[in-house]
Amino acid sequence: MLPVTSKYNVVLTYGTFDLFHVGHVRLLRRLAELGDRLIVGCSSDEFNRIKGKTCVMPFEHRAEILMACRYVADVFPEDSWDQKVGDIHRFNADVFAMGDDWAGKFDELSAHCDVIYLSRTENISTTRLKTVMRNWEDTAGKTTV
Ligand code: CTP
């Protein structure tokens, strides 16, 4: 039997990845399976402030956890909305891929590489985890994800 060959060389994705959870793991695994190297742009704390997003974990922790994930080859900071075209060329990305909560939002990048959206894992998100943790004290630990 012939070995399975990857369709792409470099796969590029972005995200905040706060409170790293199984939805993140499953997305990263499927992204890594698309190619030889998965490179992740992790939103910096400054960029999250611009997006109006508050993180539990600082950038350094989120990036370190991503680097420890077996599916991730490299991590770099995402500092702005408009760096993606430059990043695609800098990393020679063959495909830009995100979860489908972003479906259609980055189609213009298809002038530079393939653009795909993967389905999200249901019933888990950083926002949901934050809610569970907020409820935790109220319910004496009876709440589960
Ligand atoms: N993601 C996923 N499945 C989930 C949650 C996230 O596939 N259940 C994907 C997103 O689509 C995105 C990447 O993981 O491509 C990073 O998402 P991020 O916004 O960091 O995670 P969320 O859990 O969605 O965070 P939040 O609730 O703060 O929006």
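Every read-out reported here was derived from the displayed coordinates using simple, explicitly stated rules and does not represent laboratory data. From a predicted model like this one, the values you see are computed outputs, not experimental measurements. As a convention, Cβ positions derive from the backbone with ideal geometry for all residues, glycine included, and neighbour counts pool all protein chains shown.
Report the trypsin sites (Lys or Arg not before Pro) located in segment 65-139 that are in a DSSP loop and have at most 12 other Cβ atoms inside 10 Å of their Cβ, or state none.
Arg70, Lys105
Treating the beta-carbon of each Lys and Arg as +1 and of each Asp and Glu as -1, no other charges, what is the dipole magnitude of the chain about its Cα centre, to the nearest 20 debye?
460 debye
Among the GluC sites (Glu not before Pro) within segment 64-145, which fall in a DSSP loop and have no more than 13 other Cβ atoms within 10 Å of their own Cβ? It would help to have the intermediate numbers written out before the result.
Values: sites: Glu64, Glu78, Glu108, Glu122, Glu137; in loops: Glu122.
Sparse-neighbourhood loop GluC sites (Glu not before Pro): Glu122.
Write down, largest first, the equivalent ellipsoid semi-axes of segment 75-145 in whole Å, where each equals the square root of 5 times an eigenvalue of the alpha-carbon gyration tensor.
35, 14, 9
Which of Leu34, Leu12, Leu129 moves most in a GNM of the chain, Cα contacts under 10 Å?
Leu129
Taking the DSSP beta bridges in segment 5-145 as the whole, what percent of them are antiparallel, to the nearest 5?
Within segment 5-145, antiparallel bridges account for around 0 percent of the total.
Provide the net charge surrounding Lys7, with neighbours chosen by a C-beta distance below 11 Å and charges set as Lys +1, Arg +1, Asp -1, Glu -1.
-4
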